[in-house]
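Working notes for the structure below.
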């Protein structure tokens, strides 16, 4: 099986975590992110969306309702997606300037509006849905994905095309349910290959310890945390993979930040950020572990041409060669500075391998949660914030006395 791998050339894997594999094997079919893979989602999606072929797409959601979908779209679609041909926009915030600027770019008759909120009561999503539907009251162009709340009540009452979000599935683990599969299908993504890869990722996470990228990487992150390294730096050496880091950042933070525990995830883009932060990483405080995200091959490549008068020594080199050299030299420099590093290597950007990567990272987070003794499927702190926000918006609670300069 062609697969992603974990390269730990410069890192000695810790021992003592092998027994967690037995727990995973016993529980995996009941874990939310595995359970959803065995649901017949694609059959219902294909049936209900037959003949639905929009030119463009708008995704309305926030957090787990949008980050995974946007990560996969940004990975699979070319950079030209929003400048010519098929376009997609994500309404995931309520910044009034950006929201109105995006709304003015929409061609409503040719656009599918996909509105996602598991609870059906997400403040930002309801606000953006209200704004867009008031401007573009085209009921047949709107799709609602929810499990309840005000959004489901309206979908049922008004007859919107809708899909469920299973109640057992936390939002940050939901991209391989209708939450992600519906908009991805509309965008032309090969969702069957994505799901095949996701199942392969669970297989990889079930392998013996030294062949298991999820368990090995989890053990490395946890052990380094016990040694005072409480920052988990992800360095993506693929611009098409970079946005996956925003999805992973939520998955990692909301699942593991509990009871005073939890490393802080930091996302970097190679080789851009090695020109701004690498000095800190090499000679600054030794409080981080570094995970590289790399590709074995790129879908496109270019050779550096010779320019008369420019003696740069790059003539005839492929951009991919230069990029790989930047990644490997950065990892080597960190290793020489005694900084712990490891690297996930994907064969290439393709639905199948992105599916593998999604579930390997979900399994990684589950393994870390077992090591740390925290519950990975709730987010009590976030729920407190949501309650306060609604009280302030509705006027039942003020912001308190503020100190300003």
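None of the figures in this text is laboratory data; all of them are computed from the coordinates on show. Since we're looking at a predicted model, the values are computed, not measured. Cβ placement follows ideal geometry from the backbone for every residue including glycine, while neighbour counts extend to all protein chains displayed.
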Region 127-275: radius of gyration and largest Cα-Cα distance (Dmax), Å: 19.5, 56
Gyration tensor verdict on region 258-405 (Cα atoms; rounded if a/c is under 1.5, prolate if a/b is larger than b/c, oblate otherwise): prolate
Cα-projected label distance for residue 47 with residue 277, points at 7 Å along beta-carbon direction, nm: 4.6 nm
Relative contact order of region 27-192, pairs being alpha-carbon contacts under 8 Å that are 6 or more residues apart, as %: 31 percent
Fraction of alpha-carbon pairs over 26 Å apart in region 27-192 - percent: 21 percent
Isotropic mean projected area of the C-alpha convex hull, the chain (nm²): 24.1 nm²
Percent of beta bridges antiparallel (DSSP, the chain, rounded to nearest 5): 10 percent
Rounded to 10°, Cα long-axis angle of helix 67-76 versus longest principal axis of the chain: 60 degrees
Beta bridges per DSSP with both ends in region 154-289, % antiparallel, nearest 5: 10 percent
Shape category assigned to region 19-68 from the gyration tensor of Cα positions, a/c cut at 1.5: oblate
DSSP bridge pairs, region 27-192: antiparallel proportion in percent, nearest 5: 0 percent
Residues 348, 50, 249, sorted so that the one with the fewest Cβ neighbours within 10 Å comes first: 50, 348, 249
Full-stretch length increase - residue 86, residue 385 - with 0.36 nm per residue and alpha-carbon distance subtracted: 104.0 nm
Debye intensity ratio I(q)/I(0), log10, region 1-115, q values 0.12, 0.15, 0.19 Å⁻¹ (C-alpha model): -0.72, -0.93, -1.17
Relative contact order [Cα under 8 Å, 6+ residues apart], the chain, whole percent: 22 percent
Most mobile listed residue (220, 155, 302) in the chain, GNM with C-alpha springs under 10 Å: 302
Whole-number percent relative contact order across region 166-262, with pairs defined as alpha carbons under 8 Å at least 6 apart: 18 percent
Sorted by Cβ density within 10 Å, fewest first, the residues 185, 209: 209, 185
Spin-label model distance (nm) - residue 101 vs residue 139, 7 Å beyond Cα toward Cβ: 3.5 nm
Inter-label distance for residue 193 and residue 310, nm, one decimal - labels placed 7 Å from Cα along Cα-to-Cβ: 3.4 nm
Kirkwood Rh in Å, taken over all unlike Cα pairs in region 65-150: 13.8 Å
Isotropic mean projected area of the C-alpha convex hull, region 182-339 (nm²): 12.9 nm²
Mean residue ellipticity (222 nm) of the chain, computed from DSSP H runs ≥ 4 via -39,500 (n - 2.57), nearest 500: -13000 deg cm²/dmol
Distance between region 46-105 and region 317-346 - C-alpha centres, whole angstrom: 33 Å
Proxy reagent accessibility, fewest Cβ within 10 Å first, across 65, 396, 217, 337: 396, 337, 217, 65
Residue among 109, 250, 362 with the largest mean-square fluctuation in a Gaussian network model of the chain, springs linking Cα atoms under 10 Å: 109
